[in-house]
Each structure stands twice: as C-alpha cells, then as structure tokens.
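The structure appears right after this line, and notes come after that.
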Amino acid sequence: MDVEHLLRLWKNSLERTKSPRTVITYLKGFESFLKHIQDQDITNIDPKSIYTYVDSSTLNTSSILTHLSAIKHFYKFAFRRGYIDKEKYSNIEMVIDEVREEIGRNVANRYPKVLSKEETKRILSAVRGTKYEKVYMLLLYSGVRLSEYLALRKNNFYQDKSGLLWIRLSADITKGRKERIVPILGSTKEETYEATRKLLEWIESYEDNFMVKRGSLQVYTNRLSRRLGIPFSVHSFRHTYITNLVNSGFPAEVVKEFAGHSHIRTTIDIYYKFSQERARQLVESFLK
C-alpha cells in the first residue's frame, strides 16, 4: 500500500480537526514512532512495538503520553478509512491504553494546581489597578486556554437576559476546532455578578485593557509567582475555574463542554477525582 498517501490523508484530517500546534506535535510524535519501527509495514505492525518504543524512549512522561495520543489517533484514522481491520486496531488501542494506565500510576498524584480563595485574593491584590488584574480576572472567571484568550475580541462577548456574561469561541480559535460558549462564573452567585460587573466595564475598551503578548504575560506571571511564594501559572486560572464548576454541582458533560475537553474522560479523570470538596458537599447534601 502507499504509506505516503495514507500519511498525507491523515495530515489533511489533522489540519481540519486540530489546532496548528497539535498538528505539528502529532506529526512529530508519529514520525518519531516511525523511526523506531523502521521497515515495518505501518498498517501491520506488531502492537508490542509500542511497548518497546516507550521502554526505549528518553522522553519525559508528558511527551510520551502525547506521542501515544498521536499513534492512537493515526491508527484510529486508518481503521475508520479501512486501511486496517478492527482486530488490528483493537489490539493497538488495548496496548496504548495499558501503557497509559501503567504510566498513569506513576503520575497519579500530579494534580493540577488549583488556586485557593486566599491565593486568588493575594494574586489579584498584587496586580490591582494594572492591566494584569483584568487579564487574570478574565482567565479566572472564564477558564479559557491562553491560546484562546489571545484570539478574543470585544465581539466575542454577550450578556443574556439574566445578566450572565458569555464568551462565544469560534471553531478556528479553540484547541479542538469546535465552537463553544463559555459562561463567566465564580464560585458563588455574588462573586459571579461582581466579576461580570467589572468585566463588562473593562470590555468596553477591550484592546486597552486585555491585549497582551503571550511571552510578556508568562514572564510576568512567573516572576509574580516567585515574589508571592505561590506556585501558579497562567493555566492555574483555568484549573481553578473548572474545579469551581465541579464543586458547584455542574454535571461532567456540562463541564466538558464549557472547558472544551475533547473527551469526557479527561474531565472526569482529572477534575472529578481531584475534587474532595465536591465529594464532601454531596455527602452533606444527602444527609440534609
């Protein structure tokens, strides 16, 4: 079969469904795997090759997991287009899931950094009156990814009849290339409306108040993290937003859509297992 033709078809599919960064990452990851299997027919590989690839790799855990995602995506594409049969794909999928589970045991305690109320208060107090206060608040109360944030403009925002502020993200700026809407939400009703009031005022002059360069924001955040003694990054605001949704009782399928996760398993495995506070609230609610 024409391997180059299959790879071109896969690349075209990636470009239609994934962000440019993900396309590059997946192509590089699969290219690395191809070098490992060398002359093997990629549509008829021994699934054990995936084990040997991981075992011989010098990549860190995060990179290995990304490469496994690329490999699985390629073979899922090949199966759906009829280049490999169901049994072959099932065996490959099983091996990848086993390797992921094995690796996952070693990183099970590496939970995302979620900011406490006290940490959030200290961070916002430190940047009060600056552009970074506005940037941090928008990230904290929307949970959008940094790449999505950088593409936002004033016309992405709208307010509904209840007074809730929403962000409409078009498919071309989201990680999964899927349009979604995101509500501005805090951990309480009062916090939500106070954040909405401030953001609505600032959005009127969106470019002056929210436009920043990625590098400048990340450098500033890293320095502020060290100065305050709070280990956080720009992405911590997103983790905090999603965790607040979980703790507020939103079901997993809704949180998945607001967060823009490709799979509900990501939402559940990371955030619902992590939320001890949510578990406590459910028990207390049951006893009432």
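The values are calculated or read from the model by the stated rules, or taken from the named source; none is laboratory data. Being a predicted model, the structure only gives us computed values, none of them experimental. Cβ atoms come from the backbone with ideal geometry, glycine included; neighbour counts cover every protein chain shown. For the accessible areas, the whole protein counts, side chains as well, though only heavy atoms, and no ligand, DNA or RNA atoms are used. Shrake-Rupley method; radii C 1.70, N 1.55, O 1.52, S 1.80 Å.
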Determine, yes or no, whether ILE24 is at pLDDT 90 or above, open to solvent by 50 Å² or more (accessible area, probe 1.4 Å) and aliphatic (A, V, I, L, M). yes
Going through ILE42, ILE92 one at a time, which residue ends up being among the hydrophobic types (A, V, I, L, M, F, W, C), out of contact with any strand residue (DSSP E or B) (no Cβ under 6 Å at 6 or more places or on another chain) and without any contact (Cβ under 8 Å) to a residue 40 or more places away in the chain? ILE42
List, please: which pairs have Cβ atoms under 7 Å, are six or more places apart or on different chains, and start with a residue in the stretch 54-74 that is in contact (Cβ under 8 Å) with a residue 12 or more places away in the chain and end with one that is small (Gly, Ala, Ser)? ILE64/SER57; THR66/GLY29; HIS67/GLY29; HIS67/SER32; ALA70/GLY29
Which of the residues that make up the stretch 27-75 are under 17 Å from ASP97 (Cα atoms), surrounded by fewer than 15 Cβ atoms within 10 Å (Cβ to Cβ) and basic (Lys, Arg)? LYS48
Those residues that are hydrophobic (A, V, I, L, M, F, W, C) and crowded, with 20+ Cβ neighbours inside 10 Å, I need them from the stretch 209-245; list them, please. PHE210, PHE232, PHE237, ILE242, LEU245
Looking at (1) among the small types (Gly, Ala, Ser); (2) open to solvent by 30 Å² or more (accessible area, probe 1.4 Å); (3) assigned to a loop (DSSP other than H, G, I, E, B), can you tell me which one SER147 breaks? (3)
Looking at this structure, is TRP166 open to solvent by 20 Å² or more (accessible area, probe 1.4 Å), of a type in the set (Phe, Trp, Tyr) and under 21 Å from ALA126 (Cβ atoms)? no
Tabulated pairs, the stretch 181-194, first over 15 Å from LEU169 (Cβ atoms) and of a type outside the set (Phe, Trp, Tyr), second open to solvent by 50 Å² or more (accessible area, probe 1.4 Å) and at pLDDT 95 or above, C-beta under 8 angstrom, 6+ apart or interchain: GLY186/GLU194
Please go through the stretch 151-169 and pick out each residue that is without any contact (Cβ under 8 Å) to a residue 12 or more places away in the chain and among the polar types (S, T, N, Q). ASN155, SER162
I need the helices (runs of 4 or more DSSP H) fully contained in the stretch 1-72, keeping only those with at least 3 residues that are over 16 Å from SER262 (Cβ atoms) and β-branched (Val, Ile, Thr). 48-56
Mind counting the residues in the stretch 103-129 that are out of contact with any helix residue (DSSP H, G or I) (no Cβ under 8 Å at 6 or more places or on another chain), at pLDDT below 75 and in a helix (DSSP H, G or I)? 2
Can you name the residue in the stretch 8-21 that is more than 14 Å from GLY176 (Cα to Cα) and in contact (Cβ under 8 Å) with a residue 40 or more places away in the chain and is also most open to solvent (accessible area, probe 1.4 Å) among such residues? LEU9
Which number in (1) surrounded by fewer than 18 Cβ atoms within 10 Å (Cβ to Cβ); (2) farther than 19 Å from VAL114 by Cα; (3) touching a helix residue (DSSP H, G or I) at 6+ places or on another chain (Cβ under 7 Å) marks the one condition that TYR193 misses? (3)
Near pairs, Cβ below 7 angstrom, 6+ apart or cross-chain, from the stretch 210-230 (under 25 Å from SER116 (Cα atoms) and assigned to a helix (DSSP H, G or I)) to any residue that is open to solvent by 70 Å² or more (accessible area, probe 1.4 Å) and not hydrophobic (A, V, I, L, M, F, W, C): SER225/PRO231; LEU228/ARG122
Within the set of pairs 6+ apart or on separate chains, which have a first residue in the stretch 254-283 that is at positive phi and open to solvent by 70 Å² or more (accessible area, probe 1.4 Å), a second that is part of a loop (DSSP other than H, G, I, E, B) and modelled with pLDDT of 85 or more, and C-beta atoms under 8 Å apart? none
In this structure, does VAL234 turn out to be touching a helix residue (DSSP H, G or I) at 6+ places or on another chain (Cβ under 9 Å) and at pLDDT below 95? yes
